[in-house]
Each structure stands twice: as C-alpha cells, then as structure tokens.
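Worksheet: the structure to be examined is printed underneath.
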Amino acid sequence: MAQPLVKKDDDRDDEAEYSPFLGIEKGAVLQEARVFNDPQLDARRCSQVITKLLYLLNQGETFTKIEATEVFFSVTKLFQSRDIGLRRMVYLMIKELSPSADEVIIVTSSLMKDMNSRTDMYRANAIRVLCRITDGTLLTQIERYLKQAIVDKNPVVASAALVSGIHLLQTNPEIVKRWSNEVQEAVQSRAALVQFHALALLHQIRQNDRLAVSKLVTSLTKGTVRSPLAQCLLIRYTSQVIRESGVNTQTGDRPFYDYLEGCLRHKAEMVIFEAARAITVLSGVTTRELTPAITVLQLFLSSSKPVLRFAAVRTLNKVAMTHPMAVTNCNIDMESLISDQNRSIATLAITTLLKTGNESSVDRLMKQITNFMSDIADEFKIVVVDAIRSLCLKFPLKYRSLMNFLSNILREEGGFEYKKAIVDSIVILIRDIPDAKESGLLHLCEFIEDCEFTYLSTQILHFLGNEGPKTSDPSKYIRYIYNRVILENATVRASAVSTLAKFGAMIDSLKPRIFILLRRCLFDNDDEVRDRATLYLNTLGGDGSVVETDKDVKEFLFGSLDIPLTNMETSLKNYIQNPSEEPFDINSVPKEVKSQPLVEKKAPGKKPTGLGAPPTGPASTADTYERILSSIPEFTSFGKLFKSSAPVELTEAETEYAVNVVKHIFDRHVVFQYNCTNTIPEQLLENVFVIVDASEAEEFSEVGSKPLKSLPYDTPGQTFVAFEKPEGVPAVGKFSNMLRFTVKEVDTSTGEAEDDGVEDEYQLEDFEVVAADYMVKVGVSNFRNAWESMGPDFERIDEYGLGPRESLAESVNTVINLLGMQPCEGTEVVPSNSRSHSCLLSGLYIGNVKVLVRLSFGIDASKEVAMKLAVRSEDENVSDTIHDIVASG
Amino acid sequence: MATFLSREVCPTVKNILLLDSEGKRVAVKYFSDDWPTNSAKLAFEKSVFTKTQKTNARTESEITMLENNIIVYRFVQDLHFFVTGGDDENELILATVLQGFFDAVTLILRNNVEQREALENLDLILLCLDEIVDGGMILETDGSIIAGKAATSSNMDDGASLSEQVNVKWL
C-alpha cells in the first residue's frame, strides 16, 4: 500500500523534476498513517509518514475535521515509541493539528510525563507543545512544573517555559503573573537567550506598573546584560521610560540618555543600531543628543552589508523629516548610495537627499537623479516623483528646474502608475504655484501629443479646459487640443471637444474660431463626438450670432455632476428594467453617498511614531467634502465651503464605536461631519445622530441636523449637525457631544438583524472650534514680492514673550499650528542649533482676506522665547484678529 | 492579533519562508495573522519572490520592503531564504534570524544547500523552523545550536538522511 518515496532509477536522469514528494496525494498519505496503529511500531517509517503529512499541511493542504481527528488519535499512539526522532515529529504534528479541548485531554498525561522526563529535549518540547494546546484549567495543574522549568539549569528548558509564559500571558494573565519570582531569577541567568526571554516576560508582567518598569530598567542598565537581543529589548524599555518621564527641566538632561549613548559603543551592530534608532526618535531630541547617533549611522552607510546600509539610510531618512540639518553631514555618503546595487537603498538615499537639500543644492541634485532614474523600477520612480513634488512646494522659486525635470521624465518610457504620478505632481504644482501654471500647462500639452494612456489624456484635457482659459494667452492651447480631435481615439476626441467648448464659453474673442472647429467635429465617425459637438454648438449659440454665454451654460459646462455615479447607474438600470412612457428624471436619483471613502484605514498595530503621516492630496479631499455636503439639500443654502478641518478623533482607539469629526466652515454656518464606524460585528445601529451641547459656544445656534439611517458593522457612515454663527466672524467655542442610536442585535452567521432595537447613547469627547479653523493654508511663491505688494497700510506689529519653551523649533511649530497658516519657502524648518529664527506664513482668512505673517523668534540661554509678529493683510480688522489669536493662544 | 499588539516592543518575526527557484514552497512558517488564508500566503510569497528574483543575494543577505513589511533574504543555488518582520522592526535582528536559519540549514544539509537535498531532509528543516521562532518570539539565533537541536532528534548521527533510509528500505 505504501507509495515509494523515491523511484531511484527513473529520476536520477531528470533532476529538475525530482522531488521526494512527487505525486504525493492526501488520501494515500492518510492511508499510510495507519502504520501508527501497528502493534510493532516502525519508528523510521512513522517519521516519514509524519513528514509527508507535514509536507501536505505546509503546501496549504487542509484536513477535514474527521481526518484531523483520526490523524490526531493515531499520532497519540506513537508516544509508546522511545525513538527520540519520532517523538520530535510527534510534537510537531500535534502543534500543527491544534487539537480541540476534548482531544487535548488524550495527550495531556503523555506530555506531562515528558515534562518531567530526564531528557532535556523532551522537557523543553513537551512544555512548548502543552502550553500551546492547553486551556486555563489544565494550566493550574501544570503550573508547578512550569515554575520549576523557568529556573531549570538547562537553558533550552528554561527558554521553552519562558516563551510559553509570554504566549500564555495573553490568555491567562493571572496565572502567569504568579511566576514573577522565578522569572526574576531567570533574568539573572548566565545563558544569554534565557536572559532575553526572561526579560521579555518580566516586562510584560509588569508593563502596566510604571514604577516597576522604571526600577527594572534602572537596575538592568547598570548591570550586565549578556545577549544582544536582551540588550535591544532593554533599549526599547528604556526609551519607553524616557518617553513617560520627560526631560529634567532644571538641568536639561534626559534620564538614561547616557545608557543609550553607551550602547552606541556596544560590540554588536544590532545593539548599536537599536540605540541609534532609539535616540533619533526621542521626543524633542536636541542636536547634541542626536550627533553621536547620526555618527554611527553614517558609518553604517558605507558598510559592505546591504542590511546595515538599508537600516541606516532608512533611519536617517526619517530623521531628515524632522531634523534635516542634522543629516546634512551624511550627504556625501548618501550621494554615493545613489548608485547602490540595492535599489531600495538608492531610493531612500535619493529621497533623504531631497529632504535635506537646500535651495542651492537642488540643481546639482536633479542632475544626479536624472542619471539614476533611467535604471530603477517604476515603483521607486514614483517615490522619487513624490519627493520632488514636496521639494518644489518647499522651494517654489526652484519650480523651473523641478518642472523641467518632471516634464523630461514625462517624455521617457514608463508605465501608467508612474506617468500618472508625474501628471498629478504637475497638476498640484500648477495649482499651488501660480507662476508655474503656464509652463506646466504647456508641458502637459506636449505630453498629450504623444500619450498612450487614454485616461491621462482625458484627465489632462479636462484640467486644461478649466485652467487654460484663465491664462494670459489661451489661444496657444487650441492647437494642442484640436490635434487630439484629429489624431486620437473616440474617447479622447470626445473630451477634446468638451475642452474646446469650455474655451469657447469663457473667451468670447475665441468663439468664432472655436465654432469652426466644433462644426468640423460634426462629421466625426463616432456618435459621442458628434453628439457633443452638436450639443455645445447649440448651447453656445454657434448656429446664430455671437451671444454672451449665459450662466446656465457655464454651470452646465463647468459644474460637476452632484450625484454619485453609482446611484446614477442603479437608477438608470432600474429605469431600463421597468420601461415607462415618462422620460428619466435626474432629480429622482438619490444624492446620498452610500459609503464614505474618506475615512483612512489605519494600519493595525502601528505605533504612532509621529514621523510618517504623509500629507494627503489637499485638493482632492476638499473636493470630496464639497461633493458630500452639496448632496445634502439642507446645507446647499449655506453657500461656498470655506474650509474643512482635518478629522478630530472623538473616541479612543479601539472602542466599540469610532467617531471623528470634521469641521466645515461656511461664511455664516459651520457644519460638523461626524464620521462614525461601528466596530461590533453583532450590532446594527439605526437612526444614528449626535446631540451637541453648545452651551460653551455662545455665538453658535443649532439650525439642523442630518441623522444616519443605519450604520452596519465596519461600514463608515456620516451624520451631520449644522450651526449658524455671525457672518464673517471667527466665532470660537467648545462643543460636547453624545452619540444616540438604536441598537439591533445581528446574527453574525446569517447577517440578519433582529426587528426590535434598544435605544442607547455613547459619550464622545469634546472638541472646539478655534480661530485657526477660519484660516486656509494658501502658499505664495515669492513671499517678499507678495509682502511688498500688499503694502504696509494694514500692517500690525507687536512683540510677545512666550516664556520658557522646550526648544525653538517647538515654539515655531506651536505658533504655526495656532494660526493654521501655510509656512512659505521652507521657513518652518528650524536649524537645530540656531538661537533665532524667522518664519514666513501665508493664508486666506474667512471672507477671502489674504494674510501674510512674518515671525521672528529668539531664544536665550534659559530657554525663554521671545517673538515678534508682523501681519499684513487686506483688512485691518483681520490684522488685529491675528494678533488676538496669538495673544489669547 | 491581540498578542501582537501588546507585544509590539518585543522583536517579532512574522514569517520565515524557504522557496525554490520558481518561488514554490519548500517549507514555510507563518507566525502572524496578516495573511489569514492560504491564498493570501501564496500571494505574499509570489510578490516577495518576484520582487527579489532579479537581485543578487548570494554573497550577503539582502533586504527590501513590501506591503509595510521588511524582508531580509539570501539565495543559495536553487533555494531562497526569507525572513519577514514589521516595518518598525530592527532590520539587524531580522538579519540575525535569517543568518541563524541559513547556517542551520547549511549544517543540516552538510553544505549541499539545494532544493532536492532540502526536500529529502524536510523533517529536519521543519524542526529547525520550530527551534528558531516560537509563535513570533525568537527562540534561538545560533545556527549550530539550532541545527544541533534539530539533529538530535534524527538519525543524522548514523549518517543516513531520510531519503537514504527510504532507499535502503526499497533496495
């Protein structure tokens, strides 16, 4: 019945095909497993069969419940054998099968016997197996043995017990916590890994007791820790303690910093790196503290080991986000990494250089990157494009060379995602840097002359239609657009026709010429193109005399469809399925957005390091909000949305219901958008709304709300509350919130909810509307010009003492956040050793008032910070308001 | 996975993979719930393999990032070794685990590190995996100790590998 494992003679010839498991089949192996029941056990044979079973499981084969039970029972018979090798395979098999509670009982006694065996290997493995499969009740029975094992003189046995303890702590914390004496003893073990495992367990037992953790760290940082792994753990615990204790305000010294610095001289690279990494993420780390860490990382940059270079460059890349100046010393080593074999390292090096680069080094850097771009994969190129975009926003004056670079790479070979990233970047630059508009549009025009991606062509044509007519010489774009009508596929032709119409609608002088072009399109061989041309000719009055384009037509051409496309699709499908005499009514399409795409999913288990958090595309977010709000009839009378804040969390992470709020500011109203997520699979929430208490926000009065009909599990939904406030006034106040809803139980197996629900409520945290909510970040490309042209008419200057602060950079950040304005020309970055700093801010205040701010900071030896604030704006009241904000903030 | 959250300060290994020259499994072990189904695991293995295939990881361990994970890897003949950890893991710790796994397999296969030999000694390789990491916690990183632990259980001392035993039986 056994299948031969090897057919020796045939397979020697054909080595490529050879595998001892060739043609293996589950049914046959399960048959073979009957040898486990033989009265005379053949240990080798049994081992081979187990290997085959494990091979099947490893390849992703699954056993049915019955098959697994059968195998499990026959495997338990193998405890009779005294063969060590077979016993090891039996242990492995039991773990793989993860038996149910009633099955566990069968092997418990055998495993407990092994736990007390004189063979160390049996003891260690039996402990790991038993702890893996056991439940709480059994654990009390074996607790005594486990405590003994923790202090066993054989390190393998001790480690097995300690690691099992770490796993068991999750399920049976109260039992494992009783072992702390033994664990403490094991921390002193001479065996390196026992110390590591003991330290990990001890810390987890005490992790909620800050004082105990602090004591543990204090004693161990003075003592001897043998294994590098344990040393790494200790560094992590130490940083935790540092995070919680803060800087000693008198001396400015940080507890345990000396220990971390000492670890930089450890002999294991793993420890050196762990310590360097820990130092770089210390909150409010100073240059003096940072320097030794940067120095060791710099050494790693020229290591022969790729892993070391990667680790160092990745850490420096993160440091560059907060302390670009500190990393500049490494720039030479970093530049040599641009040609690194490992492209991940090269890309990280490039993006770091882009972050630390100053205005003068941009041109040189771009030259180096151009060579680099030709030999990396698209995914890396996209990272580089993103970095260049942010560099350009930081140094708007350099837009020419950066825009040139983007247009050059746009012409080279590349896939869709890469091209899209470039086009998106150019579009963002055009939006944010007014000076870059004309050249940017021309680059895009040139790109669509030879673009293989229909999607990008149509997107660019659409964008061109909106932006092109506003330029100084719109007529020069017409040629590019009309070329598309002649040369492209029907989809692109159709959107080119729409773009032409937009130019015609906006610029009367171009109208006659546009009409000629549109009339030519009437003979296109695609009906969509012909239809569009006819439509536009009629709406723009192309059949008769030249008339003023009226508002409705412009609305039709430029307005966005305020109906979600999915809803439109469903409605149209329904209409076709139930034929009727009546024409389709677009007003019958529901405007409510079913699910909200905005709520970002956070990566599970991610530590908030305060670095990462890439800025999301601001334009697109605002667009989405505008679309959502305009789909709610109650809010359409509020006028144009001025600003939407970033989401403010109103619940702790990992609560039953996750709620955050976005504050939408209108001229005379504010709308709070509560984004709710139900994280309980067994519940369906209905009629969800928020009761807002505005008693601490006197100038606000509630005018309406929009409840959420239903909130199923894990599908985010929104409910809104609208307030009226005095026009143009930056009213502030505090709002407390209570979430109300009807809960219905859901049967998770069928997904059906019960009919009856219970009313319930859930307390949310308070939030405030602050002055910065009335300020939109709008950058200017040349601050000096903007400042001069604004003139000193409404200038207000005053000086403020900010008192003792942590650092200059922290003070600058605080003021920027308080005002909610856009830092210009990279002035938000404070060189880490400077004693004074100037920061330029620009923004748009409610009522569309342009505001420019010049901040000068100075810090003295006692960390007292003084600030001079100069405001220029188009309205003297606004200039005063800015000072009020700072004075009260 | 709750255990992963509360243990996040502890160095954690998410998976160890040993793939062949076509990216097929020789032996794999997952410790994290990031890939709940077999198809998710296979998809991950495929993208790891494709991403690293063209690189040269034969003299030194190489490293890359994929889906917010750090992957260290090393290739020998037709065998591809991978160790995966989270994106805030210390890269050098993962590299140490990889080195331990690699050394242990080299010892077990008596320097003949290739797919066929590996499959013939699959039992020992699975035992190795079991001795390196337990539920994500690093158990041991010294290759010779790992190989020693795995080998005590087999009849390696007799100088006969699994397939040789089988052959003997069949002859």
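The values are calculated or read from the model by the stated rules, or taken from the named source; none is laboratory data. Source: prediction; values computed, not measured. Because the Cβ atoms are built from the backbone with ideal geometry, glycine has one as well, and the counts that use them run over all protein chains shown. In case anyone asks, the SASA skips ligands and DNA or RNA and just uses the protein heavy atoms, side chains included. Shrake-Rupley method; radii C 1.70, N 1.55, O 1.52, S 1.80 Å.
Mean projection of the Cα convex hull over all viewing directions, computed for segment A:773-829: 5.0 nm². Phi-derived couplings, Karplus 6.51 cos²θ - 1.76 cosθ + 1.60 at θ = phi - 60°, listed residue by residue for segment A:182-191: 5, 4, 4, 5, 5, 4, 7, 4, 7, 7 Hz, with x used for Gly and Pro. Of the chymotrypsin sites (Phe, Trp or Tyr not before Pro) found in segment A:469-549, the ones in coil according to DSSP and having at most 15 other Cβ atoms within 10 Å of their Cβ are A:523.
Which shape class applies to segment A:55-98: rounded if a/c is under 1.5, otherwise prolate when a/b exceeds b/c and oblate if not, where a ≥ b ≥ c are the square roots of the Cα gyration tensor eigenvalues? Verdict is oblate for segment A:55-98.
The base-10 log of I(q)/I(0) for segment A:82-155, evaluated at q = 0.24 Å⁻¹, reads -1.18 [Debye formula, identical scatterers on Cα atoms, solvent excluded].
Coupling constants for segment B:71-80 follow from the phi torsions by the Karplus curve (6.51 cos²θ - 1.76 cosθ + 1.60, θ = phi - 60°), and in residue order they are 10, 9, 8, 8, 10, 9, 6, 9, 10, 10 Hz; glycine and proline get x. Candidates A:459, A:791, A:64 compared by Cα position along the dipole of chain A: farthest toward the positive end lies A:64, with charges placed on Cβ.
Taken residue by residue and averaged, Cβ atoms of other chains lying within 10 Å of the Cβ of B:115-128 number 5. A cut-off of 5 Å between modelled amide H atoms, ignoring neighbours fewer than 5 places along the same chain, links residue B:133 with B:139.
Looking at segment A:444-514, none of the trypsin sites (Lys or Arg not before Pro) sits in a DSSP loop with at most 15 other Cβ atoms within 10 Å of its own Cβ. Restriction of the GluC sites (Glu not before Pro) in segment A:249-325 to DSSP coil positions whose beta-carbon has at most 11 other beta-carbons within 10 angstrom yields no sites. Calculated on C-alpha atoms, the gyration radius of segment A:286-329 divided by its Kirkwood radius gives an Rg/Rh of 0.97. Prolate is the label for the protein assembly as shown, because a/c, from the alpha-carbon gyration tensor with a ≥ b ≥ c as root eigenvalues, is 1.5 or above and a/b exceeds b/c.
When shorter helices are ignored and each DSSP H run of at least 4 residues is given -39500 (n - 2.57), the per-residue value for chain A at 222 nm works out to -16000 deg cm²/dmol. Charged neighbours of residue A:395, selected by a Cβ distance under 13 Å, balance to -1 (K, R count +1; D, E count -1). Each Lys and Arg Cβ is given +1 and each Asp and Glu Cβ -1; about its Cα centre, segment B:1-125 then shows a dipole of about 240 debye.
What's the local net charge at residue B:123, with K and R +1, D and E -1, over the other residues with C-beta under 12 Å away? So the surrounding residues net to +1. For segment A:843-857 and segment A:468-500, what is the centre-to-centre distance using only Cα atoms, to the nearest Å? Comparing the Cα centres of segment A:843-857 and segment A:468-500, I get a distance of 38 Å.
Listed by chain and number, the lysines whose alpha-carbon sits under 26 Å from that of residue B:24, ignoring those within fewer than 8 places in the same chain, are A:7, A:8, A:26, A:52, A:95, B:14, B:41, B:46, B:51, B:54. Per residue, the solvent-accessible area of the protein assembly as shown (1.4 Å probe, heavy atoms of protein chains only, all protein chains present) comes to 46 Å².
Shielding value for B:130-141 is 6, the average number of Cβ atoms from other chains within 10 Å of each residue's Cβ. According to the Cα-based calculation, Rg over Rh for segment A:284-420 is 0.97, with Rh computed by the Kirkwood formula. Rounded to the nearest Hz, the phi-derived 3J(HN,Hα) couplings of segment A:860-875 under the Karplus curve 6.51 cos²θ - 1.76 cosθ + 1.60 (θ = phi - 60°) are 9, 4, 8, 6, 6, 10, 10, 9, 10, 10, 10, 10, 10, 8, 8, 8, where x marks glycine and proline.
Distances between placed amide hydrogens fall under 5 Å for residue A:802 paired with A:865, A:866, A:867, all partners being 5 or more residues away or on another chain.
Shape class of segment A:206-296 from the alpha-carbon gyration tensor: oblate, with a/c at 1.5 or above and b/c at least as large as a/b. Per-residue shielding of B:63-73, expressed as the average number of other chain Cβ atoms within 10 Å of the residue Cβ, stands at 3.
In segment B:1-124 the Cα-Cα distances spread across 10 Å bins starting at 0 as 13, 47, 33, 7, 0 percent of all pairs. Note: relative contact order over chain A, using C-alpha pairs below 8 Å and six or more positions apart, is 5 percent.
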